[in-house]
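The values are calculated or read from the model by the stated rules, or taken from the named source; none is laboratory data. Only a predicted model underlies this, so the values are computations on that prediction, with no experimental measurement involved. Note: ideal-geometry Cβ built from the backbone for every residue, glycine included; neighbour counts use all protein chains shown.
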Amino acid sequence: MYTATTRAIQVTVRPQYLPDQSDPAKSQFVWAYQVRIENRGDVAVQLRSRHWKITDAMGRLQEVRGPGVVGKTPLLRPGELFEYTSSTPLSTPSGFMSGTYQMVSESGENFDIEIPTFSLDTPNTARRLN
């Protein structure tokens, strides 16, 4: 699990390799990632948009921007949480993702919260720190 907290909004991500949707012989590798967004503050916030940075093992960067997550723009009151699962393909057996969610507070203030950087690794892939 990977966790980041910004302005009392905690984002936790749990990635999982999907061998049944992957085809290594064709350089197709797919991961699911479960995201939990928890409002630990005292002000209601709404998730408006996302900005993902997806980097494969060759260093190729793909950026994804869009409204909400999985078609939703959840409102999180203090103490509430929202969970969703999505997926991403890569053409390499490893990589990583990071990003931000744009939030708006009940007073109308826009701000970004961090999505923790998380690793995408196929089982039995040798890990190397650069």
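Checked across segment 83-97, the condition of being modelled with pLDDT of 95 or more, touching a strand residue (DSSP E or B) at 6+ places or on another chain (Cβ under 6 Å) and acidic (Asp, Glu) holds for at least one residue.
For segment 31-41, the set of residues classified as touching a Leu at 6+ places or on another chain (Cβ under 7 Å) and crowded, with 18+ Cβ neighbours inside 10 Å consists of Trp31, Ile37, Glu38, Asn39, listed by residue number. Going by the conditions given, is Asp42 part of a helix (DSSP H, G or I), of a type outside the set (A, V, I, L, M), out of contact with any Asp or Glu (no Cβ under 7 Å at 6 or more places or on another chain) and farther than 14 Å from Thr117 by Cα? No, not satisfied. Taking (1) more than 15 Å from Gly99 (Cβ to Cβ); (2) loosely packed, with under 13 Cβ neighbours inside 10 Å; (3) in contact with a Phe, Trp or Tyr (Cβ under 7 Å, 6 or more places away or on another chain); (4) of a type outside the set (Gly, Ala, Ser) in turn, Pro24 satisfies each apart from (3).
Looking only at segment 64-79, residues that are touching a Phe, Trp or Tyr at 6+ places or on another chain (Cβ under 7 Å) and of a type in the set (D, E, K, R) come to 0 in all.
Out of everything in segment 47-72 that is surrounded by 15 or more Cβ atoms within 10 Å (Cβ to Cβ) and either outside any strand (DSSP E or B) or among the polar types (S, T, N, Q) (or both), what residue ends up being modelled with the lowest pLDDT? Ranking the qualifying residues of segment 47-72, first place goes to Ala57. Flag: Thr117 matches the condition of being at pLDDT 95 or above and out of contact with any Leu (no Cβ under 7 Å at 6 or more places or on another chain).
Exactly one residue out of Gly99, Gly79, Gly108, Gly95 is outside any strand (DSSP E or B) and in contact (Cβ under 8 Å) with a residue 40 or more places away in the chain, and it is Gly79.
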